[in-house]
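Quick note: the coordinates plus some simple rules give every number you see, no bench work behind them. Model, not experiment: these values are computed from the prediction. Note that each Cβ is placed from the backbone with ideal geometry, even for glycine, and that neighbours are counted across all protein chains shown.
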Amino acid sequence: MPKIVDAEARRQEVVQAVFRIIASDGLERASLREVADEAGLAVGSVRHYFASSDELLAFSFGAVIDRIAGRLEAALSGVEAEPPGSKEQHAAVLNLLGQFLPLDEELAVDACVWMAFRHAARIKPVLAAEAERSHRAVAAVVGRLIMLLSPGEAEAHQTLVAEAERLLATLDGLCMHALLQPEWMTAEMCSDVLAAHLRSLEALPAAH
């Protein structure tokens, strides 16, 4: 009797192969043939689930976005559950911000893959829709976080937007630095920089 293959499980196996290739050798190597080899499958088996490399890459980009966004939303719920200004909330915020950075092996792979796709989207139209979704998902979480840390009235909107952009730029820069210079920008140093940035956010005056 032929073995029944779980289609979703097989897609996830293929996506994990894409992630491993990108993390080790870059997105340019993630062709159908290379991915099939990495996953231990025939090219025809991969084509059964993904008709082209573009389809596979777009699906994989969406998968890493979903993983990161899911962690961010869960971490944000943790921030919202703690008393404002408490040590517990401070720790929850640091945990949330750490989800953006390569602080352990799983986060490092996701950060590397996410960054690679975001850069590729600049010249690959097939990735544009997922790149926009990625930006909106992350910006929404960061915006909500800034509002939690510095609650204000409508007239403070411009300041809050600027602080959200400042935090996004800090996270992007830290992530890129940690991926490119891991010997210098260690997980400990990333955490120290995040803590310093968080102190500056918590010092923001509330608008009235």
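Assign unit charges at the C-beta atoms only (+1 for Lys and Arg, -1 for Asp and Glu), then state the dipole size of the chain relative to its Cα centre in Debye, rounded to the nearest 20. Intermediate values should be presented prior to the final figure.
Values: 18 positive and 30 negative charges, 103 e Å.
Here the size comes out at about 500 debye.
From the coordinates of this entry, Rg/Rh (Cα atoms, Kirkwood Rh) is computed, and it appears in (i) 1.09; (ii) 1.04; (iii) 0.93 under the label (ii).
Let me have the relative contact order for the chain, percent, based on Cα pairs under 8 Å that are six or more residues apart.
Values: 194 pairs, mean separation 41.2, N = 208.
Relative CO of the chain lands at 20 percent.
Using only DSSP helix segments of four residues or longer, with each worth -39500 (n - 2.57), what per-residue ellipticity at 222 nm results for the chain after dividing by its residue count and rounding to 500? Intermediate values should be presented prior to the final figure.
Values: 9 runs with 153 residues, N = 208.
Calculated at 222 nm, the ellipticity per residue is -24500 deg cm²/dmol.
Can you compute the FRET efficiency between Ala195 and His119 using 1/(1 + (r/R0)^6), with r the Cβ-Cβ distance and R0 = 25 Å? Round to the nearest 0.05.
On the way: r = 28 Å, r/R0 = 1.12.
Once rounded, the FRET efficiency stands at 0.35.
Ordering Ala187, Val142, Met115 by Cα displacement along the dipole of the chain toward the positive end leaves Met115 in first place; charges were set at the Cβ atoms of Lys, Arg (+1) and Asp, Glu (-1). Dipole orientation for region 1-51: of the candidates Ser24, Val35, Ser45, Ser45 has the Cα lying most toward the positive pole (charges on Cβ; Lys, Arg +1; Asp, Glu -1).
Highest first, please rank the peptides 120-126, 6-12, 130-136 by the mean number of other Cβ atoms sitting within 10 Å of their residues. Each step should come with its number before you reach the end.
Numbers: 120-126: 14.1, 6-12: 11.7, 130-136: 16.3.
In decreasing order of mean packing, 120-126, 6-12, 130-136 become 130-136, 120-126, 6-12.
Would you work out which of Val79, Phe61, Ala7 lies farthest towards the positive end of the dipole of the chain? Charges go on Cβ: Lys and Arg +1, Asp and Glu -1. Ranked along the dipole, the leading option is Ala7. Applying 0.36 nm per residue to the separation of Arg166 and Ala91 and subtracting their alpha-carbon distance, the gain on full extension is 25.0 nm.
Distance between the C-alpha centres of region 3-76 and region 97-119: 16 Å, rounded to the whole angstrom.
When Lys and Arg each count +1 and Asp and Glu each count -1, what net charge do the other residues less than 13 Å away from Asp25, Cβ to Cβ, add up to?
-2
Over region 12-91, what is the relative contact order in whole percent, taking alpha-carbon pairs under 8 Å and six or more residues apart?
Numbers: 48 pairs, mean separation 17.9, N = 80.
So the answer I get is 22 percent.
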